1. I need to check one value: relative contact order of the stretch 72-145, counting alpha carbon pairs closer than 8 Å and at least 6 residues apart, in percent.
2. Say each of TRP165 and VAL34 gets a label point 7 Å from the Cα, pointing the same way as Cα to Cβ; how far apart are those two points in nm?
3. State, to one decimal in nm, how far the label point of LYS129 lies from the label point of ILE52, with both points 7 Å from Cα in the Cβ direction.
4. If I take every Cα pair under 8 Å that is 6 or more residues apart in the stretch 13-126, average their sequence separation and divide by the length, what percent do I get for the relative contact order?
5. Give the carbon-plus-sulfur fraction of the accessible surface of the stretch 1-122 in %, rounded to a whole number; probe 1.4 Å, heavy atoms of protein chains only.
6. If ligands, DNA and RNA are left out, what is the accessible area of ILE11 with a 1.4 Å probe, given in Å² to the nearest 10?
7. Rounded, prolate or oblate for the stretch 67-138? Axes are the square roots of the Cα gyration tensor eigenvalues, ordered a ≥ b ≥ c, and the cut-off for rounded is a/c under 1.5.
Amino acid sequence: MKLSIPITEMIQKRHSVRTYEDQALSPQDRAALVDCMNQLDNPFGVSVHKYIIDKKLSSNGEKLGTYGVIKGASTFLGVSIPNTKLAPLAAGYEFENLILYATHLGLGTVWLAATFNRESFTAAMDIPKDELLPAISPVGYAAAKRSLKETLMRSTMKSSARKPW
């Protein structure tokens, strides 16, 4: 699938969001994401399975699968792949396209590869036992104010100090 969005603009606009408004995705936004997921492919010839699930996290940062890093999110995206050589590249290609499309819709996201409980998400997404779950992302409406933990993480990782385009 070739995304018909201003890709360069979305790359420049996109930033990680770890604190979300406590509201579900609108039916229109959810449907647009599902439609995008159904059209994605990759140039590596690897089958990548895409998932969207609703899994409520408490507003106080309950460590329900994300170790308290994500606050307020109720919807998550994920990808699973076979354990083959080019599969991680294929997953990255498709997932980044999905993330950029979410940005185009005005939604916040953040790639999570280490700060989530793989067992709970593997079970919730019903991922086959022989596939890998390399990454997930919450998806939703960014909160007006970042949590203290997110502010500290962004400062430590120098997230706001991007190099010029």
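The values are calculated or read from the model by the stated rules, or taken from the named source; none is laboratory data. This structure is a prediction, so every number in the text was calculated from the model and none was measured. Cβ: placed from backbone, ideal geometry, glycine included. Neighbour counts: every protein chain shown. Note: areas computed on protein heavy atoms with side chains; ligands, DNA, RNA excluded. Shrake-Rupley method; radii C 1.70, N 1.55, O 1.52, S 1.80 Å.
1. Details: 84 pairs, mean separation 39.5, N = 74.
RCO, the stretch 72-145: 53 percent.
2. In this crude label model, TRP165 to VAL34 measures out at 3.3 nm.
3. The answer from the label model is 3.0 nm.
4. Values: 153 pairs, mean separation 40.8, N = 114.
Relative contact order of the stretch 13-126: 36 percent.
5. Values: 3110 of 5830 Å².
The C+S portion of the solvent-accessible surface of the stretch 1-122 is 53 percent.
6. 80 Å²
7. Numbers: a/c = 2.11, a/b = 1.20, b/c = 1.75.
Verdict is oblate for the stretch 67-138.
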